[in-house]
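K.L.:
Right, I'll just put the structure down here and ask away after.
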Amino acid sequence: MQKPCIYCPGICISVCPTFINTGNLSLSPLGYSRYEDLGRNNCLKCWRCVSECPLNYPLPESYASEVKLDLEVLKKGEIILLSARKLDDKYSYGLSELLGTGLISINGLAERYDEGRPVNPSSLKRILRVLKNYGKVYTISPESFHTLSVPLLIENLAEFSIRLNYNGPIHIPCLLLSREEKIIQALISIGVRPTKIIRDQCLKMEEPEGLSLCPRASMRNVKTVFDEILASLSY
Ligand code: SF4
Ligand code: SF4
């Protein structure tokens, strides 16, 4: 078990979507850190609280057993698209085909972000070592970006000469909040015209408005930037 929450005045509470939506302290980082079952079952594992906490206390993954990450090379290529299994498969296979990239799939990330299972450190080291052997690796999954620091495809679409003709609100996923400025600049440079940035809607709790930058949003029937990219590549 990690070093426990020190019950500071609760700096993290103000960013927790379950607390914001319910006003219930039990459904907040304070409640989750006091009551294991609530932490295990009710916390969304969105990780918003961690960056606010002075200790970076990894509350979302404090109550479950480790998961080992593993990697499968599905297709070789000069540029690799990294797919997070069960999180972005709907898009990564088609994108890799249309963009002409190789494809590597990582297993275990869904368990980290859905079940709050900490990543086994040696499996993480091994994956990072393997990925170093590949020149350029991009991902479409916020989870791969967050765990493996792999650059985001949406920040590098210009390299593939992609233009998108979208004008409307953009939803930034919880795990990509730190990249908001860079992502928006990159999208504007390929033709996107954002009318509003939505950063306070966790899609594990509600259907965000606008075009989402998270592949998971498709499971909630929300249009994603990857639908737009696939449509533009299919013409
Ligand atoms: S991971 Fe998200 S839902 Fe869970 S306590 Fe932190 S902010 Fe709240
Ligand atoms: S998780 Fe961190 S920010 Fe939240 S109450 Fe505990 S110590 Fe404070």
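The values are calculated or read from the model by the stated rules, or taken from the named source; none is laboratory data. All values derive from a computational prediction rather than experimental measurement. Backbone-built Cβ (ideal geometry, glycine too); neighbour counts: all protein chains shown. These area figures cover heavy atoms from the full protein model, side chains too; ligands, DNA and RNA do not enter into them. Shrake-Rupley method; radii C 1.70, N 1.55, O 1.52, S 1.80 Å.
K.L.:
Checking Thr18 against (1) open to solvent by less than 70 Å² (accessible area, probe 1.4 Å); (2) near ligand 2 (Cβ under 10 Å from one of its atoms): exactly one of these is not met. Which one?
P.N.:
(2)
K.L.:
Could you tell me whether Tyr35 is open to solvent by less than 60 Å² (accessible area, probe 1.4 Å), hydroxyl-bearing (Ser, Thr, Tyr) and at negative phi?
P.N.:
Answer is no for this residue.
K.L.:
Can you spot a residue in the range 166-187 that is open to solvent by 10 Å² or more (accessible area, probe 1.4 Å), farther than 19 Å from Asp88 by Cα and among the hydrophobic types (A, V, I, L, M, F, W, C)?
P.N.:
yes
K.L.:
Do any helices (runs of 4 or more DSSP H) lying entirely in the range 31-105 carry at least 2 residues that are closer than 25 Å to Pro121 by Cβ, modelled with pLDDT under 95 and within 16 Å of ligand 1 (Cβ to nearest atom), and which ones are they?
P.N.:
Output list reads 36-41, 48-52.
K.L.:
Among the residues of the range 106-119, how many are assigned to a strand (DSSP E or B) and either open to solvent by 30 Å² or more (accessible area, probe 1.4 Å) or modelled with pLDDT under 95 (or both)?
P.N.:
Number of matching residues: 1.
K.L.:
Scan the range 150-202 for residues that are among the small types (Gly, Ala, Ser) and part of a strand (DSSP E or B) and jot them down. Give the steps one after another, and end with the answer.
P.N.:
Step one: filter the range 150-202 for residues among the small types (Gly, Ala, Ser), giving 158, 161, 168, 178, 186, 189, 191.
Listed by number, the list holds a single entry, Gly168.
K.L.:
To continue, here is another question. Could you look through the range 21-30, keep only residues that are assigned to a helix (DSSP H, G or I) and not polar (S, T, N, Q), and pick out the one that is nearest to ligand 1 (Cβ to nearest atom)?
P.N.:
The qualifying residue nearest to ligand 1 (Cβ to nearest atom) is Pro29.
K.L.:
Would you be able to say whether some residue in the range 110-122 is under 20 Å from Cys16 (Cα atoms), touching a Gly at 6+ places or on another chain (Cβ under 9 Å) and aromatic (Phe, Trp, Tyr)?
P.N.:
No, the conditions are met nowhere in the range 110-122.
K.L.:
Return a yes/no flag: does the range 128-141 have any residue that is within 30 Å of Ser28 (Cβ to Cβ) and in a loop (DSSP other than H, G, I, E, B).
P.N.:
yes
K.L.:
Being hydroxyl-bearing (Ser, Thr, Tyr) and more than 30 Å from Ala231 (Cβ to Cβ) is true for just one of Ser161, Ser149, Ser141, Ser122. Which residue is that?
P.N.:
Result of the check over Ser161, Ser149, Ser141, Ser122: Ser122.
K.L.:
Please determine whether any residue of the range 136-145 is open to solvent by less than 20 Å² (accessible area, probe 1.4 Å) and not assigned by TED's automatic domain parsing to the domain that holds Thr101.
P.N.:
Within the range 136-145, not a single residue is open to solvent by less than 20 Å² (accessible area, probe 1.4 Å) and not assigned by TED's automatic domain parsing to the domain that holds Thr101.
K.L.:
Given the options Ser62, Ser51, Ser28, name the one that is on the phi < 0 side of the Ramachandran plot, of a type in the set (Ser, Thr, Tyr) and open to solvent by 50 Å² or more (accessible area, probe 1.4 Å). Lay out the reasoning, then the answer.
P.N.:
Values: Ser62 fails: open to solvent by 50 Å² or more (accessible area, probe 1.4 Å); Ser28 fails: open to solvent by 50 Å² or more (accessible area, probe 1.4 Å).
None of the other options fit; the residue is Ser51.
K.L.:
Report the residue count in the range 147-160 for those that are buried (at least 20 other Cβ atoms within 10 Å of the Cβ) and not aliphatic (A, V, I, L, M).
P.N.:
Of the residues in the range 147-160, 1 are buried (at least 20 other Cβ atoms within 10 Å of the Cβ) and not aliphatic (A, V, I, L, M).
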